Structures are given as C-alpha cells and as structure tokens.
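The values are calculated or read from the model by the stated rules, or taken from the named source; none is laboratory data. None of these values were measured; they are calculated from a predicted model. So basically every Cβ, Gly included, is an ideal-geometry build from the backbone, and we count neighbours across all protein chains shown. Ligands, DNA and RNA are excluded from the accessible area calculation, which covers all protein heavy atoms including side chains. Shrake-Rupley method; radii C 1.70, N 1.55, O 1.52, S 1.80 Å.
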Amino acid sequence: MTTDRLSFATEAGLALPDDGRILLIGAPGDLASEALPLERCAVVQGFKPDHDLWERRGVPVALAPEGDFAAAIVFLPRARELAEARIAMACAAAPGGLIVIDGQKTDGIEPIAKAVKARSPLLGQVSKAHGKTVWFTATEAFADWAREAAPNSHGIWTAPGVFSADAPDPGSAALLSALPEKLGGQVADLGAGWGGLGAGLLARDSIRTLHMVEADHAALACARRNVTDPRAQFHWADATAWTPPELLDAVVMNPPFHQGRRADPSLGQAFIAAARRMLKPSGQLWLVANRHLPYETTLAAQFRNSDEIAGDSRFKILHGSRPNR
C-alpha cells in the first residue's frame with residue numbers, strides 16, 4: 001500500500017529531487033520501490049529483520065542518518081512520540097529539503113498531518129489505500145519533536161515507541177510471579193524489550209547466563225542501561241531466527257503480538273517454535289500471553305507437555321516442557 005501511495009503521489013505532483021541522496025526513515029525491508037531511485041537512497045532502520053532485508057538488497061542502512069540528504073521520507077510508526085521524533089530527524093538530516101510523510105490512518109497519519117500543517121505549510125497531499133502521503137519543506141520548526149531515550153517516572157530507561165515505555169508491564173510481572181525459583185543455568189529472554197523481565201529473572205542466583213534477545217535496537221540499548229548484571233548478554237537479533245551458542249535450559253518470554261495496530265497471533269506462535277529449537281531435551285518454556293491469543297495449539301505441537309499454570313481475566317501463563325525433535 002505504501003508503494004501505491006508514493007507512486008500515486010508522484011503522479012499527483014510529488015516531485016522527488018533529481019539528484020542528491022534520499023533518506024528513508026523506518027522503511028520496511030520489503031518495500032517495493034517503483035517510485036524511488038534506490039541507487040540514491042539510504043535507510044535508517046533499527047528493527048533487525050527490516051535492517052537485514054535492506055542490507056541484502058544492497059541499500060545502505062544504518063541506525064542514524066549519515067551524511068547530507070536532499071530529501072527524506074518518513075514511514076509513520078504507530079507510536080506518536082516516535083512519529084514526531086522521526087519527523088524531527090528528517091528535517092535535521094535534509095535541511096531545506098523535501099520531507100515526505102507516509103502512513104496509514106490506523107497509525108495516526110491524520111493527526112500527524114494536522115500537527116505538521118500547523119507548523120509548516122504543506123506542499124501537497126494525497127489519500128489512498130486507507131492512508132495518506134503529505135509533503136512539505138524541511139524546517140527547524142520541528143526541532144522540539146526530537147526525542148532520545150530517557151528515564152521514565154519509574155527511573156527506567158525507555159525510548160519512544162518501545163513497548164511499555166511508561167511503566168513495567170503487568171503481564172511480565174505476572175509471569176515472574178508464576179515462575180519456579182530454579183530455571184537452570186542457561187536461559188534466554190526472547191523479545192527482551194527494555195529489560196524488565198530480564199531484570200526480574202536475574203534475581204535468581206541459579207542463572208549463569210541470561211541471553212536477552214531483542215529486534216528493536218532502541219529497546220535493546222535501554223535494556224543495556226537497565227540491566228547491568230554481568231550475567232546478561234545482549235543480542236540485537238530477530239528472536240525467531242536467533243541461535244544460542246549452546247542449547248538452553250529455559251526460555252522465558254512475553255512475545256509481541258501486534259503488527260501495527262492489528263493483532264497477529266502468528267508472531268507469538270513463531271516465538272514458541274523458535275524456543276523449541278533452542279532448548280535442550282529437558283528444556284522448558286514459560287510465557288505470558290493475553291487471554292484471547294490462541295497459543296495452546298502451537299505449544300502442544302512443539303512440546304510433549306504443555307499447560308496453563310496461572311492466569312487471570314487478562315493474562316495466561318503457559319508452560320511447555322520436553323520439546324519435540
């Protein structure tokens with residue numbers, strides 16, 4: 001849909017510069033590129049699977065803008081603070097250049113477009129495929145939208161767009177309270193986020209190594225600040241594809257279950273399948289999930305023993321042991 005809108009926008013008057021580099025901020029790795037001169041593009045992408053896809057496509061990709069740009073295209077994320085931060089980044093990276101914002105209505109493009117228009121006149125806009133593309137000239141008027149990682153009101157380091165940025169997640173707290181005291185020496189936290197679950201796990205002296213695996217680079221950077229125990233090892237990786245250095249005694253996780261605003265149970269199901277591959281024959285999986293998510297069938301297919309060990313009206317704590325080979 002993004003490509004359709006960008007192509008439609010170029011037909012409706014959006015004129016990308018004929019020379020100079022173009023910055024793509026938050027662009028998905030599988031973005032079709034008919035409307036873009038990819039040979040002049042560079043990408044800022046902190047989500048590991050998309051970062052790797054751009055690398056494989058041969059397009060320069062980094063965690064922050066590098067060099068000068070004639071234009072920048074912002075792919076709107078769901079989180080408002082992160083969206084504003086990306087727009088500020090775009091304006092700083094391409095001063096006086098063309099700024100394009102593309103997003104779905106469900107991700108907040110309408111209020112963002114209204115807020116942008118209040119600070120800078122729009123050069124154009126188009127609506128298509130349940131979303132909108134708007135463009136304007138970069139200005140310093142958005143400098144106050146720049147945001148960095150910072151401690152929240154609980155003293156926890158978080159960053160714009162990171163899951164549960166305002167406070168500890170109650171699902172992770174429920175999972176920690178249901179776990180046995182001894183989990184084994186080699187443990188992984190898949191989808192570690194800013195480190196709340198990992199910090200709780202490391203209260204157990206029996207853990208010798210805790211692998212904290214997280215695909216969002218900003219979240220993992222926060223985890224490094226929040227979890228200073230030397231037993232923690234940090235991995236910027238897609239948890240569904242990561243391979244531990246040795247088979248594990250336990251995997252503990254609060255897996256993601258949204259793609260944008262849409263609930264996508266296949267994400268958590270992929271985490272369960274990945275955990276099975278990482279575990280020793282005697283290994284065990286512990287996870288928390290929202291009550292409505294259909295994980296039991298996948299758990300039963302991946303483990304010889306599986307059950308719900310705790311929960312309430314919001315969450316369920318699931319346990320799997322003896323992974324199938």
Mean residue ellipticity at 222 nm from the helices of the chain, using -39,500 (n - 2.57) per DSSP H segment of n ≥ 4 over the full residue count, to the nearest 500 deg cm²/dmol?
-> -8000 deg cm²/dmol
Percent carbon-and-sulfur accessible area, the chain, ignoring ligands, DNA and RNA, probe 1.4 Å = 51
Can you list residues whose amide H is under 5 Å from residue 41's amide H, if they're 5+ apart or on another chain and H is modeled 1.01 Å from N?
-> 22
DSSP beta bridges in the chain: the antiparallel percent, rounded to 5, is 50
Can you list the residues, at least 5 places off or on another chain, whose amide H is less than 5 Å from the amide H of residue 283, using H built in the peptide plane?
-> 322
Using the Cα atoms of the chain to build a convex hull, what is its mean projected area in square nanometres?
-> 17.1
Where only protein heavy atoms count, and the probe is 1.4 Å, what is the accessible area per residue for segment 131-207 in Å²?
-> 41
Global geometry of segment 121-200, whether rounded, prolate or oblate, following the gyration tensor of its Cα atoms and the 1.5 cut on a/c = prolate
How high is the relative contact order of the chain, given as a whole-number percent (alpha carbon pairs under 8 Å, six or more residues apart)?
-> 12
At q = 0.13 Å⁻¹, what is the base-10 log of I(q)/I(0) for segment 58-197 according to the Debye formula with one equal point scatterer per Cα and no solvent? Please give it to two decimals.
-> -0.69
If a/c stays under 1.5 just call it rounded; otherwise compare a/b with b/c (prolate if a/b is bigger, oblate if not). Do that for segment 11-89, with a ≥ b ≥ c from the square roots of the Cα gyration tensor eigenvalues.
-> rounded
Volume in Å³ per residue [convex hull over Cα atoms, computed for segment 194-310] = 115
Given +1 on the Cβ of Lys and Arg, -1 on the Cβ of Asp and Glu, and no further charges, what dipole in debye does the chain carry about its Cα centre, rounded to the nearest 20?
-> 720
Take each of the peptides 21-34, 50-63, 113-126, average the number of other beta-carbon atoms within 10 Å over its residues, and list them starting from the highest.
-> 21-34, 50-63, 113-126
Amide H contacts of residue 315 (H built 1.01 Å from N, under 5 Å, at least 5 apart or other chain) | 291
Cα-based shape type of segment 223-289, given that a ≥ b ≥ c are square roots of the gyration tensor eigenvalues and the cut on a/c is 1.5 | oblate
Using the Karplus curve 6.51 cos²θ - 1.76 cosθ + 1.60 with θ = phi - 60°, work out ³J(HN,Hα) for each residue of segment 219-236 in order, rounded to whole Hz, and write x for Gly and Pro.
-> 5, 5, 4, 5, 4, 4, 7, 7, 10, 10, 4, x, 6, 7, 10, 10, 10, 7
Using a 1.4 Å probe, what is the accessible area per residue for segment 1-80, in Å²?
-> 47
What FRET efficiency comes out for the pair residue 229/residue 144, r = Cβ-Cβ distance, R0 = 30 Å, nearest 0.05?
-> 0.25
Scoring only Lys, Arg, Asp and Glu (+1, +1, -1, -1) among other residues with Cβ under 12 Å from the Cβ of residue 74 yields -2
